[in-house]
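Report on the structure given below.
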Amino acid sequence: MAERFDVIVVGAGPAGYVAAIRCAQLGMKTACVDKWLDGQGQPALGGTCLNAGCIPSKALLESSEIYEQSLGHYADHGVNIPAVKLDLAAMMARKDKVVAELTQGIAQLFRANGITSCHGHGKLVSSRQVSIDSGDGQERIIEASHIILAPGSSPVAIEAAPLSGDIIVDSTGALNFDKVPKRLGVIGAGIIGLELGSVWRRLGSEVVLLEAQEAFLMMADQQVARDALREFTRQGLDIRLGARVLGSHIKRGKVEVQYEDAAGSHQEKVDRLIVAVGRMPNTDGLFTAETGLALNEWGYIHVDEQCRTNLPGVYAIGDVVRGPMLAHKGSREGVMVAELIAGQEASMDYDLIPSVIYTHPEIAWVGKTEQALKAEDVPYRAGVFPFAANGRARALGETAGFVKILAHAETDRVLGVHVMGPQASELIACATVAMEFGASSEDLALTVFAHPTLSEGLHEAALDVEGAAIHIAKMRRKN
Ligand code: FAD
Ligand code: NAD
C-alpha cells in the first residue's frame with residue numbers, strides 16, 4: 001500500500017521547502033521529495049537557491065568585495081592594509097560552509113515541523129500520486145490529496161558554446177573555479193553575468209561580457225541601466241552589446257569565441273567562459289503523459305493566478321511557472337498555495353515583487369519602470385535624488401547612483417521605485433512596503449526618516465516628485 005500524505009511537494013528549493021513548512025504548520029501531513037546532491041554526493045535541501053544560486057553567489061560577492069576594498073579603498077578612510085593576499089581556497093571553503101549551514105538548517109526545520117523528507121527523483125503519475133526513484137533501482141509510490149510541483153529551473157545551454165569541464169561553464173561552474181582566470185568571457189550580461197562577472201573582476205580577472213541585446217538590462221528602468229553601464233564599465237567590466245556569439249572552441253586550455261556585432265566579426269580568446277543566457281523550467285521526467293498536465297507555449301507548467309494547474313488538486317510554484325525566476329517569488333507562491341489547500345483565502349500581488357542585482361553599487365526596483373509607464377500611456381511624475389547629495393552615502397564613500405520614484409500624475413500613488421546605490425537591496429523593502437500599503441509619494445514625503453541614513457534618499461526622491469527636494473539645487477527636475 002502506498003504511504004499516504006495530505007500534501008506531497010516535489011522540489012525543496014525556496015518555493016517547495018517553504019510550501020512544505022507552511023503546509024505542516026497548518027496541520028497537514030506533508031512529504032517533500034527532492035533529488036539534489038551536494039559536492040560530496042549527499043542529499044541537500046534548499047534547491048538552486050541555497051546550493052548553487054542566491055547564497056553561494058552572495059557569499060562570493062561579499063568576500064570579493066572585501067578583497068577589492070582592502071586592496072585600496074580602505075586607504076581612503078585612512079586605513080592602510082599592507083600586502084593584501086587572496087586565498088581563493090579559503091574564500092571557496094567559507095562559501096561552502098555558509099551553504100552547508102543553511103541547507104542543514106532546512107533539514108532541521110523539516111524535522112521540527114514533522115515533514116517527511118524523501119530523497120530521489122519525483123514524478124507525477126496521477127493527480128494523487130508521485131513515484132520516487134531514489135537511484136537504487138527501487139521505485140516507490142506515495143499518495144496525497146494535494147500535490148505541489150516545485151522542481152525549479154536549470155541553465156539554458158547554447159549550441160555556440162557547449163559546456164566543457166571547468167573551461168566552458170554555467171553559473172554553477174563559475175561559483176567553483178579553483179583559480180582566478182586571467183581573462184574571463186561571459187556570454188550574457190544579465191543578472192548572473194553581472195554578478196559573477198563582478199566577483200571574478202574583483203578577484204583580478206579581465207572580464208569581457210558578450211550580450212546579444214543592443215540595450216543593456218532591458219528589464220530595469222533605462223535611466224538606471226544607462227548609469228549602471230557607465231559605472232560597471234568604469235570599474236573595468238568590458239560589456240559588449242549587440243554581440244551575437246557564433247561559435248567557440250577550446251585550444252590548448254583556452255577558449256576562442258567567435259561573435260559578430262554591427263561592426264563585423266570578431267574573435268576573443270579567454271581562459272574561462274561562463275554561459276549565462278537565462279534559465280529554463282525543469283519539466284523533463286516530472287510527469288507522465290497520462291496525467292495530462294498542461295504546459296504553456298514556453299514550456300512552463302500552465303497555472304492560474306493562484307498556481308492551480310489544469311489537474312484538480314495539483315499546484316505548481318516557483319521557477320517552473322510564469323513570473324520572475326526569483327526565490328522570494330517562489331516562496332510567496334508556496335505560502336499562498338499551502339493556505340489555499342488548507343481552505344484559507346490567499347493571493348499575491350505579482351506587480352509588487354522586488355528585484356535586486358547584487359553588483360556594486362546594487363540595483364533594486366519594484367513596480368513599473370518609466371519605459372513601461374510610457375508604453376502603457378500612464379500619466380506619471382518622477383522624483384530623482386542622487387546619493388552624491390546624501391550625507392550617509394558621502395560618509396560611506398558610496399556616492400554613485402540615485403533613487404527614483406514614479407508616481408501617478410493624477411492620484412500620486414507610487415507606481416515604481418528604482419534604486420541604484422549602496423544598500424539598494426535593503427532600501428527597496430521600504431519602497432515595497434509603501435507600495436503594498438498603496439502609498440502616495442506625498443505619504444513618503446510626509447514621513448520622517450532618520451538622519452543620516454541612506455533611506456533619506458528615498459524621502460528626498462519623494463519630495464522631488466513635487467519639486468521640493470531639500471538637498472538638490474542643480475539636479476532639480478521639473479515634470
Ligand atoms: P529551485 O531552487 O531550482 O529548487 C528546485 C529543487 O527541486 C531542486 O533541489 C531540484 O533538484 C529539485 N527537483 C527538480 N526536479 C525534481 C524532481 N523531478 N524530483 C525531485 N526533485 C526535483 N534569486 C533571488 O531571488 N535572489 C538571488 O540573489 C538569486 N541569485 C541567484 C544566483 C544564481 C547563480 C542563480 C543560478 C540563481 C539565482 N537566483 C536568485 C534565482 C533563484 O535561485 C531561483 O529563482 C530559485 O532557486 C527558484 O526556486 P524554486 O524552488 O522554484 O527552484
Ligand atoms: P537573464 O535573463 O538575467 O540574462 C541573460 C542575458 O543573456 C540576457 O541579457 C540575454 O539578452 C542574454 N542572452 C541570451 N542569449 C544570448 C546569446 N546567445 N548570446 C549573448 N547573450 C545572450 O538570465 P541569467 O543571468 O542567466 O539569470 C537567470 C535567472 O536567474 C534570472 O532571470 C533571474 O531571475 C535569476 N537570478 C536572479 C538573481 C538575483 O535576484 N539577484 C541573481 C542571479 C540569477
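Tabulated data for the structure shown
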{"quantity": "Failed criterion for residue 448 (all others in (1) surrounded by 14 or more Cβ atoms within 10 Å (Cβ to Cβ); (2) aliphatic (A, V, I, L, M); (3) assigned by TED's automatic domain parsing to the domain that holds residue 409 hold)", "calculated": "(1)"}
{"quantity": "Flag for residue 194 being more than 12 Å from ligand 2 (Cβ to nearest atom) and not assigned by TED's automatic domain parsing to the domain that holds residue 84", "calculated": "no"}
{"quantity": "Failed criterion for residue 61 (all others in (1) buried (at least 22 other Cβ atoms within 10 Å of the Cβ); (2) under 16 Å from residue 171 (Cβ atoms) hold)", "calculated": "(1)"}
{"quantity": "Filter result for residue 300 (closer than 25 Å to residue 126 by Cβ and aromatic (Phe, Trp, Tyr))", "calculated": "yes"}
{"quantity": "All positions within the stretch 308-341 that are touching an Asp or Glu at 6+ places or on another chain (Cβ under 9 Å), in a loop (DSSP other than H, G, I, E, B) and touching a residue at least 40 places away in the same chain (Cβ under 8 Å)", "calculated": "317, 321, 325"}
{"quantity": "Residue check for residue 252: charged (D, E, K, R) and more than 16 Å from ligand 1 (Cβ to nearest atom)", "calculated": "yes"}
{"quantity": "Total residues in the stretch 266-285, condition away from ligand 2 (no atom under 15 Å from the Cβ), touching a residue at least 12 places away in the same chain (Cβ under 8 Å) and either closer than 21 Å to residue 326 by Cα or not assigned by TED's automatic domain parsing to the domain that holds residue 301 (or both)", "calculated": "4"}
{"quantity": "Test: residue 364 is hydrophobic (A, V, I, L, M, F, W, C), at pLDDT 95 or above, touching a strand residue (DSSP E or B) at 6+ places or on another chain (Cβ under 9 Å) and assigned to a helix (DSSP H, G or I)", "calculated": "no"}
{"quantity": "Residue check, residue 320 surrounded by 22 or more Cβ atoms within 10 Å (Cβ to Cβ) and not polar (S, T, N, Q)", "calculated": "yes"}
{"quantity": "Residue in the stretch 51-63 that is among the hydrophobic types (A, V, I, L, M, F, W, C), in the same structural domain as residue 103 (by TED's automatic domain parsing) and assigned to a strand (DSSP E or B) present", "calculated": "no"}
{"quantity": "Neighbours by Cβ (under 7 Å, 6+ apart or cross-chain): first from the stretch 1-18, of a type in the set (A, V, I, L, M, F, W, C); second in a loop (DSSP other than H, G, I, E, B) and surrounded by fewer than 24 Cβ atoms within 10 Å (Cβ to Cβ)", "calculated": "5/29; 7/28"}
{"quantity": "Strands (runs of 3 or more DSSP E) completely within the stretch 138-249 that count 3 or more residues being closer than 28 Å to residue 65 by Cβ and not hydroxyl-bearing (Ser, Thr, Tyr)", "calculated": "183-187, 206-210, 238-240"}
{"quantity": "Answer residue from the stretch 25-47, given it is of a type in the set (Gly, Ala, Ser) and either surrounded by fewer than 23 Cβ atoms within 10 Å (Cβ to Cβ) or not in a helix (DSSP H, G or I) (or both) and is nearest to ligand 2 (Cβ to nearest atom) among those", "calculated": "46"}
{"quantity": "Options 154, 145, 171, 198; residue that is away from ligand 1 (no atom under 14 Å from the Cβ), among the hydroxyl-bearing types (Ser, Thr, Tyr) and at negative phi", "calculated": "145"}
{"quantity": "Residue count for the stretch 290-337, restricted to those that are of a type outside the set (Ser, Thr, Tyr) and within 15 Å of ligand 1 (Cβ to nearest atom)", "calculated": "28"}
{"quantity": "When residues of the stretch 237-259 are limited to those that are small (Gly, Ala, Ser) and touching a residue at least 40 places away in the same chain (Cβ under 8 Å), the one surrounded by the fewest Cβ atoms within 10 Å (Cβ to Cβ)", "calculated": "253"}
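Okay, residues lined up against (1) buried (at least 21 other Cβ atoms within 10 Å of the Cβ); (2) under 20 Å from the mean Cα position of the chain (by Cα):
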| site | (1), (2) |
| --- | --- |
| 192 | yes, yes |
| 204 | no, no |
| 229 | no, yes |
| 232 | yes, yes |
| 261 | no, no |
| 279 | no, yes |
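The values are calculated or read from the model by the stated rules, or taken from the named source; none is laboratory data. Please read all numbers here as calculations on a predicted model, not as lab measurements. Cβ sites come from the backbone with ideal geometry, for glycine too, and all protein chains shown count toward neighbours.
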